[in-house]
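The values are calculated or read from the model by the stated rules, or taken from the named source; none is laboratory data. Note that the coordinates shown come from a computational prediction; the quantities given were computed from them, not determined experimentally. Glycine also receives a Cβ, built like all others from the backbone with ideal geometry; neighbour counts cover every protein chain displayed.
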Amino acid sequence: MKTARRQLELLLSETEAAARVRRSNAFDEVAGGQRQVVLFGAGRLGKSVRQRLAGTDLKVVAFADNNPRVWGTTLDGLTVLSPRDASDRYSQDAVFVVVIWHPSSSPLMATLLAQLRTLDCVAVPFPMLFWRHPETFLPYFFWDVPENLLQQSLDVIAAFDLLQDQASCRSFVAQVQLRLCADFECIGAPFPGEQYFPGLFSLTTQECFVDCGAYTGDTIQSFLAQSNDCFRKVIAFEADAAVMAALETVVNNLRTRAVLHKAAVGAQNGVVHFAGDGIGGGVVTRSAGKEVPCVRLDDALALENVSFIKMDIEGAELQALEGAHGVIWRDRPILAVSAYHKPDHLWRVLSSLSNLAPNSALYVRSHCSDGLDTVCYAIPPARQLLVAASETGKSRSHTQGSHS
């Protein structure tokens, strides 16, 4: 059995030219020359793909969806069909593109592709379509053309070599394979541990939890459950006005033990444009959206003593880490940083964590299917739980200690 590092080296051995040809032809090779498209998924992604395909040589003829409540309805002037009806009408004349991609507790894309193929449909995942029209669709979260990833092979391998355990190594390699090959079979089931609380450390009664990208307070509520409501303080940062009422309710229930900053987090203090819709996709933009304050954690937390920082801020994680280098060096907190919003974040976040917290053990855990909710963890020596040597595999085990 090949080691994870050898698997990674083999994946990265493809030349950029070969990868460019492969991804350019991937969709058409599966489609077999078909230019009609059925979009399987009548949600946000499906609607966006339909609109962006306008003007290309591909023609969207229908939507299909597993939800019976939308069957027979119209979306952007096209009928939404059941999978069976869509197959009966178009299986011989169209390629079915799966445009459903959202957090799930079990592999979703591979299941949907198998469902369509059982119905005798030619089916492809949306990244292959995006590869055919990269100027229209990419980058999109961590999706990009494979040749761009291969250009960064040395950085990818360097980040891999920072990882602490075999589970992280396997997850990292699967993520790279997914990005290079759109191979949803390789990604497997999500890690069973709780997101941001994966069993790599335990919480103390003196925990000061900093939640960057607090959204509706869902992670704070997970923190309350994991800590049995025994902690010192919660400090939340959120810029999306559309979710603020729900978040304020959670924070207000904690009374003096919680503080809410209605601000984005970044490398500099100032004002940024923020586009938010209240459903988890709010982002800092160049010009669109509303002006909101942006703060450096080094300044916002100057008078605090923090023990745990979580970041899920839709692609602004590296900038936020840059603005937090002082507090990270000062307090040596646990760090849990999302690494799936941008194509290069999987390895760049790990590199940043290694520089900011050089004595911490680094882990990768994927908490949802299909590559979503992938988190990089940096655990300082005093906070690490004892890990079996057979699983660690790459470095010494550590025992749990109190936070100082």
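Return the residue satisfying two criteria in turn: it lies in region 42-56 and is in contact (Cβ under 8 Å) with a residue 60 or more places away in the chain and under 22 Å from the mean Cα position of the chain (by Cα), and of such residues it is farthest from F130 (Cα to Cα).
Step by step, filter region 42-56, then rank; the result is L45.
Is it true that K59 is modelled with pLDDT under 95, surrounded by fewer than 17 Cβ atoms within 10 Å (Cβ to Cβ) and basic (K, R)? Break it down into steps so the answer makes sense when it comes.
Numbers: modelled with pLDDT under 95: no; surrounded by fewer than 17 Cβ atoms within 10 Å (Cβ to Cβ): yes; basic (K, R): yes.
Against the criterion (modelled with pLDDT under 95, surrounded by fewer than 17 Cβ atoms within 10 Å (Cβ to Cβ) and basic (K, R)), K59 does not qualify.
Considering only region 245-270, how many residues are crowded, with 18+ Cβ neighbours inside 10 Å, in a helix (DSSP H, G or I) and out of contact with any Gly (no Cβ under 6 Å at 6 or more places or on another chain)?
So the count comes out to 1.
Has region 40-51 got at least one residue that is out of contact with any Cys (no Cβ under 7 Å at 6 or more places or on another chain) and over 30 Å from S338 (Cα atoms)?
No: zero hits.
Restricting to region 129-144, give me the number of residues that are hydrophobic (A, V, I, L, M, F, W, C), assigned to a helix (DSSP H, G or I) and surrounded by fewer than 21 Cβ atoms within 10 Å (Cβ to Cβ).
Going through region 129-144, the residues hydrophobic (A, V, I, L, M, F, W, C) turn out to be 129-131, 137-138, 141-143.
With the extra rule that they be assigned to a helix (DSSP H, G or I), the set shrinks to 129-131, 137.
Imposing the further condition that a residue be surrounded by fewer than 21 Cβ atoms within 10 Å (Cβ to Cβ) reduces the set to 137.
The qualifying residues number 1.
Could you count how many residues in region 305-321 are of a type in the set (G, A, S) and in contact with a Cys (Cβ under 7 Å, 6 or more places away or on another chain)?
Total satisfying the criteria: 2.
Condition test on E185, is it charged (D, E, K, R), closer than 30 Å to I334 by Cβ and at pLDDT below 95?
Criteria not met by E185.
Out of L346, L350, L356, L362, which single residue is farther than 23 Å from G193 by Cβ, at pLDDT 95 or above and not small (G, A, S)?
Of the residues listed, the single one that is farther than 23 Å from G193 by Cβ, at pLDDT 95 or above and not small (G, A, S) is L356.
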